[in-house]
1. Cβ-Cβ below 8 Å, separation at least six or inter-chain, first residue in segment 7-21 and in contact (Cβ under 8 Å) with a residue 60 or more places away in the chain, second assigned to a helix (DSSP H, G or I): which pairs?
2. Which residue, of L231, L212, is surrounded by 16 or more Cβ atoms within 10 Å (Cβ to Cβ), in contact with a helix residue (DSSP H, G or I) (Cβ under 7 Å, 6 or more places away or on another chain), assigned to a helix (DSSP H, G or I) and among the aliphatic types (A, V, I, L, M)?
3. Is it the case that some residue within segment 138-154 is on the phi > 0 side of the Ramachandran plot, modelled with pLDDT under 90 and polar (S, T, N, Q)?
4. Do any residues in segment 284-297 that are on the phi < 0 side of the Ramachandran plot and surrounded by fewer than 22 Cβ atoms within 10 Å (Cβ to Cβ) have Cβ atoms under 6 Å from those of residues that are assigned to a helix (DSSP H, G or I) and β-branched (V, I, T), where the two are at least six apart or on different chains, and which pairs are they?
5. Where residues in segment 248-265 are in contact (Cβ under 8 Å) with a residue 40 or more places away in the chain and buried (at least 17 other Cβ atoms within 10 Å of the Cβ), which of them is nearest to A233 (Cα to Cα)?
6. What's the number of the only condition in (1) surrounded by 11 or more Cβ atoms within 10 Å (Cβ to Cβ); (2) not assigned by TED's automatic domain parsing to the domain that holds H364 that R396 fails to meet?
7. Here are some residues: S431, S389, S448, S378. Which one is surrounded by 13 or more Cβ atoms within 10 Å (Cβ to Cβ), under 30 Å from Q218 (Cβ atoms) and either of a type in the set (S, T, N, Q) or assigned by TED's automatic domain parsing to the domain that holds G200 (or both)?
8. Take R450 and tell me if it is closer than 25 Å to K323 by Cα and outside any helix (DSSP H, G or I).
Amino acid sequence: MVRRRLFAGQQLRTLRTTRKLRQGEMASLMGISASYLSQLENDERPLTPALTDRLRSAFPVDWEDFASDRVEPVLSALREAASDLMLAGSASSEQIERVAEQYPAFAEAFVRLHDQSRRSTQRLEIIDEALGADNISGGRLPWEEVRDWFHHANNYVDAIDRAAERLALRLSGTGVSPSLAQMAGWLEANGVTVEYAVGGAMRLFDPVAQRLTLDPNQPIESGRFQMAYQLAALALREEIAAIVQDATLQSVAARQLLTVGLGNYAAGALLMPYEWFRARARELRHDIDQLRQTFGTSFEQACHRISTLQRPQARGIPMFFCKVDMAGNITKRHSATRLQFARFGGACPLWVVHEAVAIPDRIHVQAAEMPDGVRYVSIAKGLVKPTGSYYRPPRRYAVALGCEAALADEFIYADGLNLERPETVTRIGISCRICPRDNCDQRAFPPSDRAILVDPHTRDLVPYGITDM
């Protein structure tokens, strides 16, 4: 076999300068000398598979972005499949590359098999959700169609994101985010009158009179977001309409909901322009409070925006984001990690987000491990939104944000956790009906694919045992 010689001097140099590392520091991370690194950066020597592995380990997000255009699709897909912790054993980068080059048909078959396995898991999750919602017919409601549409888009809509970013730069000038005055100026310049009225809807737009009415009693971040929504809905109406037209949705209601969802997406992208927000998030190690102060947004809006940073060759840290109400319902869910809440009807009671709903206005941090062995660091914060009236109870819910523990250095909230000691990690699951753990004290139902063992003479916290099959 003739091995490819991978020269990546420009990528290495760009990566080093982006991360603000000196040559000696970068060389130390790679386990080589500074002179060797200099030769690599000047394309005098190619990268070896061992060095590629070290780069991927030290810079899991950045290196994949820089190197992705040099890797054949089958090799990239095979590497992702082989990294699944459910597979016994592990293969080095060199071994994976050799299989992809010498046995491409086998590599493609392996990738297809792995993809089918993941799809089978998703189908089981769909069944679990249907059982939880008493909807075993399999039909999806309009909001479920739209939720799945965003899930399959990886929660990133390139055309909308880039258009909103360009619009934000035109509006804000040297600022990082358009101000209320700048957005109101654009609306008025385009024939829209902006008014404020107490006691009405948070946002009401009259397309005939071209009048936007906002409730001044809502939090300033909410009012700013509602204005951004209307601006984006008008400025990007053609881009939004084109995406809705191409979407394979089954009902008129689903198309209307997708239009609203894309408007919300555009509003977030307008207030938190991609490149500025991504750079600031990496610089602050995803400190949400500092991010929301920089961009004038709410805690929830900043968390949500972090979960959308999936632009090719400029990705953010893969994160998951969820919103959970007082009853434990997941009302919003996005994930760029292997933790996919997108199809789940509920959440594990051991997950910290439930504690956050009960104890609001503080950030709860948790290290957790899923049944597949992947560990995550997540935060959750309970939020209380006032309604402006004694007769309307405030809205209470919690938002959660997290990443894989392998990226803990990029997540400021992991600083106080001891990820090395297994007893500090909470073993959580997806849903009791599909969770294989047989030693969980919080189990509500037995797993749907396992038999149970009942011993009348023995009682533990869970009144039955679970078989292996």
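1. Note: pairs meeting the criteria are A8/L40; A8/F66; A8/A67; A8/R70.
2. Step by step, each of L231, L212 is checked, and only L231 is surrounded by 16 or more Cβ atoms within 10 Å (Cβ to Cβ), in contact with a helix residue (DSSP H, G or I) (Cβ under 7 Å, 6 or more places away or on another chain), assigned to a helix (DSSP H, G or I) and among the aliphatic types (A, V, I, L, M).
3. Within segment 138-154 (the criterion being on the phi > 0 side of the Ramachandran plot, modelled with pLDDT under 90 and polar (S, T, N, Q)), the answer is yes, since at least one residue qualifies.
4. Hits for this filter: D287/I412.
5. Step by step, filter segment 248-265, then rank; the result is L262.
6. All conditions are met except number (2).
7. Within the list S431, S389, S448, S378, the selection yields S378.
8. no
The values are calculated or read from the model by the stated rules, or taken from the named source; none is laboratory data. No experiment lies behind these values; they were computed from the predicted model shown. Every residue, glycine among them, receives a Cβ derived from its backbone with ideal geometry; neighbour counts consider all protein chains shown.
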